[in-house]
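All remarks here apply to the structure that follows.
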Amino acid sequence: ANPPKVGVNWASSLEIAYRSIAWMWALEFFREAEALTPTLLRRLLGFAYTHGRHLERYLSTYFSPNTHLTGEALGLLYLGTCLPEFACAARWRERGWRIVEAQATRQIHPDGVYFEQTTYYHRYTLDIYLHAMRLAESNGWKVSEVVNARVKALARCLADIVRPDGTIPIIGDDDGGQLVLLEERARADVRAALVCASVMLDAPEIGASARVVTEEVVWTLGAAALPRADAAVSGDMPSHTSRLFPDGGIAVMRDGWSDNAVHMVIDCGPLGTMNCGHAHADALALELWWGGADVLIDPGTFAYTTSAEDRALFRHTAMHNTVTVDGAPSSVSAGPFSWATRADAHVHAWWHGALVDHIAASHDGFCRLDASAAHARRVYFVRGRYVVVVDTVVGTLP
C-alpha cells in the first residue's frame, strides 16, 4: 500500500525505520503461517531491502539528530541482524550500532536525564536502547561499559520520575508514538520499560518501582526471563526518596514508594538542546501527585500540527504551574519547533533532610521585558504533610 519512495509514508526516515522493525517482528510472529508464501516473502524482503537502503542514505544526522537518529539507527540494526542474507546486512548492522553507541553520551546526560528535557522522549530513548541491547545480547555482541552506564542512569532517572500508578508526568512534548506496539497501554505508562531495564541491566530497584510485569515484558525478554522479572517487581523498593538530577535540572520530591506516596517533579533545568524543538516554556514548573491523583498537572502537548494556535497555547508558560510576568511566557516561541528566546533555569540550593526537602532555583527568561524581571522559586516539602512554594519576582520599573 506504500510503494517505495512515493507518498507521505516515505517522508520520514524514522517512520521507515519503525515500519522495518514492525515487519521484522511480524515475520517472526507469522513465520509458520500458510499465508506467508514464498512469493509474498520475496516481495516483503524486496521492500525490506529498499527500506534499509533508504535508511542508510537518509539518516537524520543533521535534521532532528535526536530520537529520529537513534530510532533510524535501530532500524538499520534490526534489518542487518534479522536479515543477514542481504549483502548490505553487516554494513547496516555495524553502522546502526555505531550510531546508537555514539549517541548514548550525547543524548543522555551523566545523571540520566534525556537531553531534550521531555519525559515522553526520555522513555522513547530508553526503549530504543533496550531493543538495541536486546539484539546485542541475543547475538553475542559486547555492549561497552559507557553505554551500559548511561542507559542504567536513564532508567534509574525514569524510575524516580514515575508516579505510584506507573505513569509519568508528560513534561515537554509527546507525540503518542511507540517504538513497536507489543501491548495496549496508556501512553504515559512506563512500567514495561522499567521492568525490562531492571532485568537487562541487573538493577532490581528499577523494577521494584514498576510493581507489575506487563505483557510487553514477556514479548521483549522472552518467557525464560520471567522469574527474574517477577523477582524484580516484588523486591525491595529503592532506599532513597527525593533526588536531584543536577545535569538535567530535574528535581523529584517524594515521601516514599507506596501507592499512597506523595510525588512531585520540578523542572529546574535548561529549556532543551539545539533549537529546543520539543521544549515547553515551563521553567520552574512543578507537577504534583497526592492522594492517588494528579493535583497539579502539566497539560501535555495537544497536537503538533493540527492547530498552530493550540500548539502555541499548550507550550505557553500560563499552561504550566509556574509564573508569568504581565502575561508573558518565560520563553518566546518562534514556531512550532523553535524559540525566539529561551529561559534556562538553574538550581542554587538543594537540601534533602530527615523530614523536609528544599530546593531553590531561578531563571532569567523575563529579563528581556521592560521590567527586566527575574523569577526565583523555593519549594519546601514537609514529607507527608504539605508543600510550600515561594515565588519571588524582582524587576525594575520601566
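The values are calculated or read from the model by the stated rules, or taken from the named source; none is laboratory data. Predicted model, so just to flag it, every value in this text is computed and none were measured. Here the Cβ is made from the backbone with ideal geometry for all residues, glycine too, and neighbour counts use every protein chain on show. Accessible surface areas use protein heavy atoms only, side chains included; no ligands, DNA or RNA. Shrake-Rupley method; radii C 1.70, N 1.55, O 1.52, S 1.80 Å.
Okay, here's what the table says:
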| read-out | value |
| --- | --- |
| Rounded to whole Hz, the Karplus (6.51, -1.76, 1.60) HN-Hα couplings of the stretch 272-285, x for glycine and proline | x, 9, 6, 8, 6, x, 9, 8, 10, 7, 10, 4, 6, 6 |
| Packing-based order for 70-83, 47-60, using average beta carbon neighbours within 10 Å, highest first | 70-83, 47-60 |
| Kirkwood Rh (inverse of mean 1/r, distinct Cα pairs), the stretch 200-283, angstrom | 15.3 |
| Candidates PHE86, PHE302, PHE30: whichever shows maximal mean-square fluctuation once the chain is modelled as a Gaussian network with Cα springs under 10 Å | PHE30 |
| Pair-distance profile P(r), taking every C-alpha pair of the stretch 131-289, with 5 angstrom steps and integer % | 2, 8, 17, 20, 21, 16, 11, 4, 1, 0 |
| Projected label distance in nm at MET237 and ASP175, using a 7 Å step from Cα toward the beta-carbon | 3.6 |
| Portion, in percent, of the accessible area of the stretch 276-376 that falls on carbon or sulfur, probe 1.4 Å | 60 |
| Point-to-point label distance, THR341-THR50, nm (Cα→Cβ direction, 7 Å offset) | 5.0 |
| Amide H contacts of TRP339 (H built 1.01 Å from N, under 5 Å, at least 5 apart or other chain) | ALA334 |
| Peptides 193-204, 147-158 ordered by average Cβ neighbours within 10 Å, highest first | 193-204, 147-158 |
| Projected area averaged over orientations for the stretch 279-398, convex hull of C-alpha atoms, nm² | 8.4 |
| Kyte-Doolittle mean at least 0.0 and Cα axial length at least 15 Å: DSSP H helices in the chain | 13-29, 67-82, 145-161 |
| Along principal axes, Cα extents of the stretch 157-231, largest first, whole Å | 35, 24, 19 |
| The chain: most fluctuating residue of THR306, THR61, THR273 per GNM, C-alpha cutoff 10 Å | THR306 |
| Per-q log10 I(q)/I(0), the stretch 87-126, q = 0.30, 0.36 Å⁻¹ (Debye; single scatterer per alpha-carbon; no solvent) | -0.95, -1.13 |
| C-alpha center-to-center spacing [the stretch 280-334, the stretch 142-213] in angstrom | 24 |
| At 0.692 mPa s and 37 °C, Stokes D of the stretch 224-358 from Kirkwood alpha-carbon radius, µm² per second | 193 |
| The stretch 37-192: proportion of alpha-carbon pairs further apart than 19 angstrom, % | 57 |
| Förster radius 35 Å - calculated FRET efficiency between ALA354 and PHE63, Cβ distance, rounded to 0.05 | 0.10 |
| Sequence-separation-based contact order of the chain, relative, with Cα cut under 8 Å and 6+ spacing, percent | 10 |
| Overall dimensions of the stretch 15-70 as given by Cα atoms, namely Rg and Dmax in Å | 13.7, 44 |
| Nitroxide proxy distance, nm - points 7 Å out along Cα→Cβ at LEU182 and LEU296 | 3.6 |
| Debye log10 I(q)/I(0) at q = 0.09, 0.12 Å⁻¹ for the chain, Cα point scatterers | -0.57, -0.96 |
| Computed [θ] at 222 nm, helices only, for the chain once each DSSP H run of length n ≥ 4 contributes -39500 (n - 2.57) | -12000 deg cm²/dmol |
| Full-extension gain in nm, ALA318 to VAL390, via 0.36 nm per residue minus C-alpha separation | 24.2 nm |
| Portion, in percent, of the accessible area of the stretch 27-136 that falls on carbon or sulfur, probe 1.4 Å | 56 |
| Most mobile of SER330, SER12, SER138 in a GNM of the chain (Cα contacts under 10 Å) | SER138 |
| Stretch gain in nm, segment ASP370-ARG31, where the contour uses 0.36 nm per residue and the Cα spacing is subtracted | 115.3 nm |
| Share of pairwise Cα separations in the stretch 1-95, more than 22 Å, in percent | 25 |
| Computed Kirkwood radius, in angstrom, where 1/r is averaged over Cα pairs of the stretch 114-198 | 13.4 |
| Per residue solvent-accessible surface (Å²) - the chain, probe of 1.4 Å | 43 |
